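No value in this document is a laboratory result; all are computed from the given coordinates. Keep in mind it's a predicted model, so treat the numbers as computed, not measured. Here the Cβ positions follow ideal geometry from the backbone for every residue, glycine too, while neighbour counts run over all protein chains shown.
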Amino acid sequence: MAAGSSELKGEIGPAESDEIIAQAMTWRNEGKGVAIATVVSTWGSSPRGIGSQLVVNSEGSFLGSVSGGCIEGAVITEALDAISDGQPRLLDFGVSDTQAWEVGLTCGGKVEVFVERVGE
Amino acid sequence: MRSHTLEQLAEHAKARESHARVVRISDGNEAVIYNERIDGNLEAPSSVIEAARDAIRQDHSALITDNNQRYFIHVHNPPRRMIVIGAVHITQPLAQMASLAGFDITVVDPRGAFATVERFPGVTLMDDWPDDAMAKIAPDSRTAVVTLSHDPKIDDPALAAALRSKAFYIGALGGRNSHGKRLNRLKDLGFNDETLARINGPVGLDLGGRAPAEIACAILAEAIQHLYKGSKG
């Protein structure tokens, strides 16, 4: 698990796309900022497949997963930034990347995660 | 993602409508691609739209590069379904496990005492005769059909309907003897050996377990194997 994961307020699990969309709707209707992170490519042994999603609100609550739990902390941080600035971003995690070791993707995989704000 | 798109995706999830959301990585502009129409603020090249429609057919999301632009195609197909004939003991853990694995479950049993809400909380129940039920459900290539009632009057018509459909998995509970008799009855209805080979009997992967939950696990495992690897396993 990533350092600081104890601060995460959510449940990492294989929530399906429909649940992610429903949760995004609920939070948006409550007036919260919302971002969705999606696994768009994988290489090697990555625990969650292409299309796996994580939805985050502006208070840091989240639902879903984009890995076995190892990069969620970093993804949520970026998602909160995306909620603030509205810019979509593509995150790259892999074993060749020192930062990936820091966030704990030690399973030998590589994963790209697209993070975008749910907008107006 | 625009709010309008979010609302659309939520609606289509309810309506079981196949579609793909295409998002351009560089700016987040997006389009929702259907088989016959397109919606969104992304003017996607026709090659990308074609790739999206192909991805829907293959049920496979993908990141593609077109003209130096990267696009993520996210396929949303309706959930796979499992139709279980016979609201018996094995059906209870099977309904729970298959539901966890992402199947929409329908349990069919014309014997009203079996298919009760108490025994199957949260499961879609039908007390129609299997031929009527199967006509209503219309199994497609994202549907698995499993017969567990042990009663030929109930199981056989469901198997016949499943064999006439594109169901990706057909399983029938029963030992080798009763499966042999079942195949003979279905032959009398006009099915040939090649078609009958689609029925997995005795049902389930050979895990060795005998308890209802263990058999349910073997059946679900075999259905998932067919989903991803076809009948060859």
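When Rg and the Kirkwood radius Rh are both evaluated on Cα atoms of region B:81-232, their ratio Rg/Rh stands at 0.92. Overall, the protein assembly as shown carries a charge dipole of about 1240 debye about its Cα centre when +1 sits on the Cβ of Lys and Arg and -1 on the Cβ of Asp and Glu, all other atoms neutral. Efficiency by 1/(1 + (r/R0)^6): what FRET value for B:Trp129 and B:Asn35, r their Cβ-Cβ distance, R0 = 51 Å, to the nearest 0.05? Once the sixth-power term is evaluated, E becomes 0.90. Relative to the longest principal axis of the Cα atoms of chain B, helix B:46-58 runs at roughly 10 degrees. Measuring between alpha carbons in the structure, the pairs from B:Lys166/B:Lys229; B:Lys136/B:Lys229; B:Lys153/B:Lys181 lying more than 25 angstrom apart are B:Lys136/B:Lys229.
Whole-percent P(r), the protein assembly as shown, all Cα pairs, 10 Å bins from 0: 5, 22, 27, 22, 16, 7, 1.
Listed by chain and number, the aspartates and glutamates whose C-alpha is less than 20 Å from the C-alpha of A:Lys110, apart from same-chain residues fewer than 8 away, are A:Glu72, A:Glu78, A:Asp92, A:Asp97, A:Glu102. Working from label points 7 Å from Cα in the Cα-to-Cβ sense, the B:Tyr228 to A:Asp81 distance is 3.4 nm. The convex hull around the C-alpha trace of region B:1-127, projected and averaged over every direction, spans 9.3 square nanometres. DSSP finds beta bridges in the protein assembly as shown, and of those with both partners inside it, around 65 percent are antiparallel.
What is the angle, in °, between the Cα long axis of helix B:152-163 and the longest principal axis of the Cα atoms in chain B? Nearest 10 is fine, range 0 to 90. The helix B:152-163 is inclined about 30 degrees to chain B.
Count Lys and Arg as plus one, Asp and Glu as minus one, and take only other residues whose Cβ is under 10 Å from that of A:Ala37; the net charge is then -2.
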